[in-house]
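In what follows, a single structure is set out as structure tokens and then discussed.
The values are calculated or read from the model by the stated rules, or taken from the named source; none is laboratory data. The model shown is predicted, which means the values in this text are computed figures rather than measured ones. Note: ideal-geometry Cβ built from the backbone for every residue, glycine included; neighbour counts use all protein chains shown. These accessible areas exclude ligands, DNA and RNA; they are computed on the full protein's heavy atoms, side chains included. Shrake-Rupley method; radii C 1.70, N 1.55, O 1.52, S 1.80 Å.
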Amino acid sequence: MAYQLTPLTNHETGAEILGLDLKAPVGTELRNALNDAFARYHVLVFRDQKLTAPEFAHTGEIFGELMSHHHKDVRASGHPEVYVVRNEQIAPGKYRIQGETFHTDHSNHPIPPKATALHPVSLPTHGGDTQFVNMHNAYDDLAEAMKRRIDGLRAVHVFESRFSPRKLRPLNEESSKALPPPGVHPLVRLHPENGRKALYLNPVRIESIVGMPEDEALALVAELMAHATQKKYEYRHQWRYGDMVIWDNRSVMHQANGDYDMNEVRHLHRIMIAGEPVLAAPPLGVAA
Ligand code: SIN
């Protein structure tokens, strides 16, 4: 099936895909081409899709098997694996914006998701963009001394870190019981498909760095985050109806923007694709 792929930045972060109907069957050749593009560009923006919840879930299967979300009680009607992202008022004048600071999804899971995808149901008139930053490029640009410092380090990721910059939606009883043990992951991971190294950070969930005093660990994560979230690593997605956007949690962090009128509804369907155990990057000086 013919389609047009257009890079969305000059640093291989984001590509737009036109001319595909994701409801149509996807053969092996197209599936492989899309997965190759995904490993190269990390964020794919399919335009002009109109998908019910089950149809959206089905499109995710181009990239792998669906994975369930932590919150078992926030599902779109029609499909158990489709989660709902929506601005919600939690107190007078106070709103919860899911995903409002940079993170990678479900990193507290011992086997975190390969990918996450969103498809809008209702969008604000202005704002509500999603920002993505390329963690391969951020790693490559680190000073050698920093690369040496973080070589081999591992972080403990819990559901909500004591140091999280924002409060997460609390889990109900069913979801709490289903929570996996914390993930202990390398700070530098190896992407299993493109073979590149990437920083693997998530201040919402990192509780500690193994063997490092707390103040030192917090300062290190803050320094790496300040580096990784520079504009030069970013693709900023302005949502349009019909978008199906899928990103690689192994190579980008993302954040939602709560910069819109909270009287308007921003409502998207969300799915996750199962990943593989996080591969530690080989020590510096050893080829991948
Ligand atoms: C998320 O963090 O998964 C949600 C991102 C968004 O709503 O833009």
Confirm whether P180 is part of a loop (DSSP other than H, G, I, E, B), modelled with pLDDT under 95 and either more than 16 Å from the ligand (Cβ to nearest atom) or among the β-branched types (V, I, T) (or both).
yes
Suppose we keep only residues that are open to solvent by less than 30 Å² (accessible area, probe 1.4 Å), in a strand (DSSP E or B) and farther than 24 Å from H58 by Cβ within the range 252-288. Which one would you say is nearest to the ligand (Cβ to nearest atom)?
A256
Which residues, taken from the range 173-183, are of a type outside the set (D, E), open to solvent by 50 Å² or more (accessible area, probe 1.4 Å) and touching a residue at least 40 places away in the same chain (Cβ under 8 Å)?
A178, L179, P181, P182
Go through the range 219-250 and give me each residue that's basic (K, R), within 14 Å of the ligand (Cβ to nearest atom) and touching a helix residue (DSSP H, G or I) at 6+ places or on another chain (Cβ under 9 Å).
none
So H119 passes all but one of these: (1) over 20 Å from Y41 (Cβ atoms); (2) assigned to a strand (DSSP E or B); (3) not charged (D, E, K, R). Which condition number does it fail?
(1)
Do we find a residue being closer than 23 Å to N249 by Cβ, within 16 Å of the ligand (Cβ to nearest atom) and buried (at least 16 other Cβ atoms within 10 Å of the Cβ) anywhere in the range 18-38?
no
E88 passes all but one of the listed conditions (1) open to solvent by 30 Å² or more (accessible area, probe 1.4 Å); (2) at positive phi; (3) within 16 Å of the ligand (Cβ to nearest atom); the exception is number (2)
On the basis of being in contact with an Asp or Glu (Cβ under 8 Å, 6 or more places away or on another chain) and not polar (S, T, N, Q), does A57 make the cut?
yes
Considering each residue of the range 96-141, count those that are more than 13 Å from the ligand (Cβ to nearest atom), open to solvent by 40 Å² or more (accessible area, probe 1.4 Å) and out of contact with any helix residue (DSSP H, G or I) (no Cβ under 8 Å at 6 or more places or on another chain), and give that number.
6
Test: residue in the range 230-250 that is of a type outside the set (V, I, T), surrounded by 15 or more Cβ atoms within 10 Å (Cβ to Cβ) and more than 23 Å from H11 (Cβ to Cβ)
no
